[in-house]
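The values are calculated or read from the model by the stated rules, or taken from the named source; none is laboratory data. Note that the structure is predicted; figures quoted are calculated from it, not measured. Counting neighbours? That spans all protein chains shown, and the Cβs are built from the backbone with ideal geometry, glycine included. Just so you know, the surface numbers come from the protein's heavy atoms only, side chains and all, with ligands and any DNA or RNA stripped out. Shrake-Rupley method; radii C 1.70, N 1.55, O 1.52, S 1.80 Å.
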Amino acid sequence: MQGMASSTQSQSAPPVAAKKPHETTHHGITVSDDYAWLRDPGYPDVSDKAVIAHLEAENAWFEARMKPHGETVETLFREMRARIKEADKSVPQKDGDWLYWIEYEEGAEYKKWWRRPVGSAEDGSADELILDEVALAEGKDYFRLGAISVSRSGKLLAYSADENGSERFTARIRNLETGELLADEIPGTLSSLLWVAGDKGIVYSLANEHWRTDNARLHWLGEPTSSDVELFHEDDEGFRVGSSLSANEGWLIISTSDHETSEVRLVPAADPLADPVLVRARQKGVEYDVDVDEREGGDATLFVHANDTHENFRLATAPLADPASWTTLVQGTDDFYLTGFDLFRDFFVTEGRLAGLDQVEIRHYDDPARVEPIDFPEASYVAGLSDNPEWAVDRLRLSYQSMISPGTVYDYHVADRQLETLKVQEIPSGYDKDLYLTERLEIAARDGTAIPVSIVMRKDRPAGGPLHLYGYGAYGLAIEPGFSTARLSLVDRGFAYAIAHIRGGDDLGRAWYKAGKLERRTNTFNDFVDVAKGLVEHGYTAKGRISISGGSAGGELMGAVVNSDPELWGAVVAQVPFVDVLATMLDASLPLTPGEWPEWGNPIEDKGAFELIRSYSPYDNVRAQAYPPMMVTAGLNDPRVTYWEPAKWVARLRELKTDDNELIFKTNMGAGHGGKSGRFQSLHETAEEFAFILWQMGVET
């Protein structure tokens, strides 16, 4: 039957997708796509028999090819799991009259949420289980907690959950005094859940039919959702709406933004139906976020984090009565990338990066120019504010790690400027930091730009051995040089593990991000290739001895570099890869497309954007050549990178590639963008990926 790959096909050969001619024309240019049929016309309901049969045939081929390596997968899984303290809990944190923490029990895939009254005994007699993810996930193939929020009175709990990976969460409310679920139920949310109006109402956002949050809504407890009030609606289909509370929870902050422009409104949390205060009308290219300083004895002052005067952002203030009149408090500079701020009663905190390294700074309202940076013990690390729910504090909860230092929880005592270690990540199977070293070097890209690279390896690793290179490079998201227990399974087998801090992320500031987007998008791909070549030249590895991986936009990166430089790579893992860039950006009906145009360009209206995207879109540039061994994954319910992108890509690769290297493709039929949801289920998927890499790289397990 045309259009169907038989699910009973012999496992001596991979599935071959049928070719069905399909053409579209844009700007006078015709694009052919013989595999467009793999997009189910009923999406998001995927039930087309031909499509399902093809995905199942690919899954069967995946299982057949990986089956001989099942023992390796299980070995890797067991050692990864052995590095995780199964019965573990977080450091309790005070919020009002309670101490809150989360806890994993031995063998549990999901966590439990606990609290106890401040000052009560620590023997467990006063502990109260407020949410049991284990029970909620029981019998389900997929479960992911979305938002969780305790009311200010401490008597009610709002939470939301997704049970199929579609990123549509159903919100529910539990009475913590009686344990009963209230009748209130809000399906289709994709947002935080905020208590307002003296715990009588909840503010949330619904995902519309295109998975876009174009609204902020108010639900009154005990009332039907049909009577919920829309507080704000966004008409621009490229913008998304989100809500939060100010530091002292006195104000509801409703924000709307795309990837380069934002706009904020303020509403009294006690009176959410009051007329909103517009801080400043949107101006293309200006991003800003806001908090409200309402200390006793003073007028309300807005703190504004904005990029209107410098691309690395400044911090400004404005009177609430004149919110658009911004006065600079902390100047934007080329050297320091100001990523955010947090207000507390007696001081405020600025966070950012200096030369790519995290900075956390204490500042005081009466002398904002005086900076008290928090000093951390290593030269390369990841650090930042953690959970700090209270307004009036004298210490800050911080998180810290490096590529060789397990995750650490600190309290920073502001008055005496001292770090107190509360918890260091425990690795039950053992970990000796002294066996490893981490380096940070710079490698010149082809245009002369110095690209930072973070590396971890064993000290006894021979030069020139295998190396795994990871990259992302999009949306201004930095890939931080943090710790990973799973990564040790490669490093302990002689791999160096490197992170390429390529342009497109904001690792070195906003200019770094801009240098890898829109018309400069190809810098991202070139940087990754040039880092790999530089690592070969520096003697870290050899051509063909490099495995690589990336997911989502990082999967687009994988697709681009296997097209351009296939001979460099010994193995490739592309997780939910965004590889059909041109077709997706041409389809405004898809969930995320309009909001993505500021990132990639709008090929519908702009012929130049069309031609540029077409020149690098991985799917459109597959050609007859030898490709490296590749493992590709997808999620059937993924609203971010739709399943047909990797499915079409693999089909075209199978048609055109001239080699006999492995190409395997697995679709999670009950999951979305993040893969399996349980902590060990997701670990098993990592074990599969590493087993594939070891197999293809010829490394003994």
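Does Ala486 satisfy being out of contact with any strand residue (DSSP E or B) (no Cβ under 8 Å at 6 or more places or on another chain) and more than 30 Å from Trp597 (Cα to Cα)?
yes
Does Val699 satisfy being open to solvent by less than 10 Å² (accessible area, probe 1.4 Å) and either assigned to a loop (DSSP other than H, G, I, E, B) or at pLDDT 95 or above (or both)?
The answer is no for Val699.
On the given criteria, is Pro319 more than 26 Å from the chain's Cα centre (by Cα), surrounded by 15 or more Cβ atoms within 10 Å (Cβ to Cβ) and within 30 Å of Ala281 (Cβ to Cβ)?
no
Matching residues to (1) in a strand (DSSP E or B); (2) buried (at least 20 other Cβ atoms within 10 Å of the Cβ); (3) touching a residue at least 24 places away in the same chain (Cβ under 8 Å); (4) among the hydrophobic types (A, V, I, L, M, F, W, C):
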position	(1), (2), (3), (4)
Glu237	no, no, yes, no
Ser243	yes, yes, yes, no
Asn248	no, no, yes, no
Ile253	yes, yes, yes, yes
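Taking segment 92-120, which residues are closer than 24 Å to Val393 by Cβ, open to solvent by less than 50 Å² (accessible area, probe 1.4 Å) and part of a loop (DSSP other than H, G, I, E, B)?
Pro92, Gly96, Ser120
Here are some conditions: (1) closer than 19 Å to Tyr410 by Cβ; (2) buried (at least 17 other Cβ atoms within 10 Å of the Cβ). Phe313 meets all but one. Which one does it not meet?
Looking at each condition in turn, Phe313 falls short on (1).
Which residue, of Glu223, Glu209, Glu230, is surrounded by fewer than 16 Cβ atoms within 10 Å (Cβ to Cβ), among the charged types (D, E, K, R) and either on the phi > 0 side of the Ramachandran plot or at pLDDT below 95 (or both)?
On the way: Glu223 fails: either on the phi > 0 side of the Ramachandran plot or at pLDDT below 95 (or both); Glu230 fails: either on the phi > 0 side of the Ramachandran plot or at pLDDT below 95 (or both).
That would be Glu209, the only listed residue that is surrounded by fewer than 16 Cβ atoms within 10 Å (Cβ to Cβ), among the charged types (D, E, K, R) and either on the phi > 0 side of the Ramachandran plot or at pLDDT below 95 (or both).
Which fully enclosed helices (runs of 4 or more DSSP H) of segment 532-642 have 3 or more residues being buried (at least 23 other Cβ atoms within 10 Å of the Cβ) and not basic (Lys, Arg)? Spell out the reasoning first.
Numbers: elements: 553-564, 581-585, 593-600, 607-616.
Qualifying helices (runs of 4 or more DSSP H): 553-564, 581-585.
To keep it simple, each residue is scored yes or no on (1) closer than 22 Å to Gly96 by Cβ; (2) open to solvent by 20 Å² or more (accessible area, probe 1.4 Å); (3) within 27 Å of the chain's Cα centre (by Cα).
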| position | (1), (2), (3) |
| --- | --- |
| Ala383 | no, no, yes |
| Ser386 | yes, yes, yes |
| Glu390 | yes, yes, yes |
| Asp394 | yes, yes, no |
| Ser402 | no, no, yes |
| Asp416 | no, yes, no |
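Evaluate the following for Leu329: is it modelled with pLDDT under 95, open to solvent by 20 Å² or more (accessible area, probe 1.4 Å) and either among the aliphatic types (A, V, I, L, M) or in contact with a Gly (Cβ under 6 Å, 6 or more places away or on another chain) (or both)?
no
Starting from residues that are part of a strand (DSSP E or B) and polar (S, T, N, Q), keep the ones in segment 171-191 and report whichever is least open to solvent (accessible area, probe 1.4 Å).
Thr189
Looking for whichever is at pLDDT 95 or above and in contact with a Pro (Cβ under 9 Å, 6 or more places away or on another chain) here; the options are His26, His22. Which one fits?
Going through His26, His22 in turn, the sole match is His26.
Checking Phe348 against (1) farther than 26 Å from Ile499 by Cα; (2) of a type outside the set (Gly, Ala, Ser); (3) surrounded by fewer than 20 Cβ atoms within 10 Å (Cβ to Cβ), which single condition isn't satisfied?
(3)
Which residues, counting only those in segment 295-309, are open to solvent by less than 40 Å² (accessible area, probe 1.4 Å), part of a loop (DSSP other than H, G, I, E, B) and closer than 15 Å to Arg510 by Cα?
Within segment 295-309, Asn307 is the sole residue that qualifies.
Being of a type outside the set (Val, Ile, Thr) and in contact with a Pro (Cβ under 8 Å, 6 or more places away or on another chain) is the filter here, so list the residues in segment 365-395 that pass it.
Of everything in segment 365-395, those that are of a type outside the set (Val, Ile, Thr) and in contact with a Pro (Cβ under 8 Å, 6 or more places away or on another chain) turn out to be Ser380, Tyr381.
Of all residues in segment 153-170, which are part of a loop (DSSP other than H, G, I, E, B), at pLDDT 95 or above and open to solvent by 10 Å² or more (accessible area, probe 1.4 Å)?
Scanning segment 153-170 gives Ser153, Lys155.
Looking at Glu58, Glu74 in this structure, which one is exposed (fewer than 14 other Cβ atoms within 10 Å of the Cβ), touching a residue at least 12 places away in the same chain (Cβ under 8 Å) and within 28 Å of the chain's Cα centre (by Cα)?
Values: Glu58 fails: exposed (fewer than 14 other Cβ atoms within 10 Å of the Cβ).
Result: Glu74 is the single residue among Glu58, Glu74 that is exposed (fewer than 14 other Cβ atoms within 10 Å of the Cβ), touching a residue at least 12 places away in the same chain (Cβ under 8 Å) and within 28 Å of the chain's Cα centre (by Cα).
Which condition from (1) in contact (Cβ under 8 Å) with a residue 12 or more places away in the chain; (2) out of contact with any Leu (no Cβ under 7 Å at 6 or more places or on another chain) is the one that Glu209 breaks?
(1)
Residues being hydrophobic (A, V, I, L, M, F, W, C) and under 18 Å from Glu177 (Cα atoms): count how many of those fall in segment 102-144.
Residues in segment 102-144 being hydrophobic (A, V, I, L, M, F, W, C) and under 18 Å from Glu177 (Cα atoms): 7 in total.
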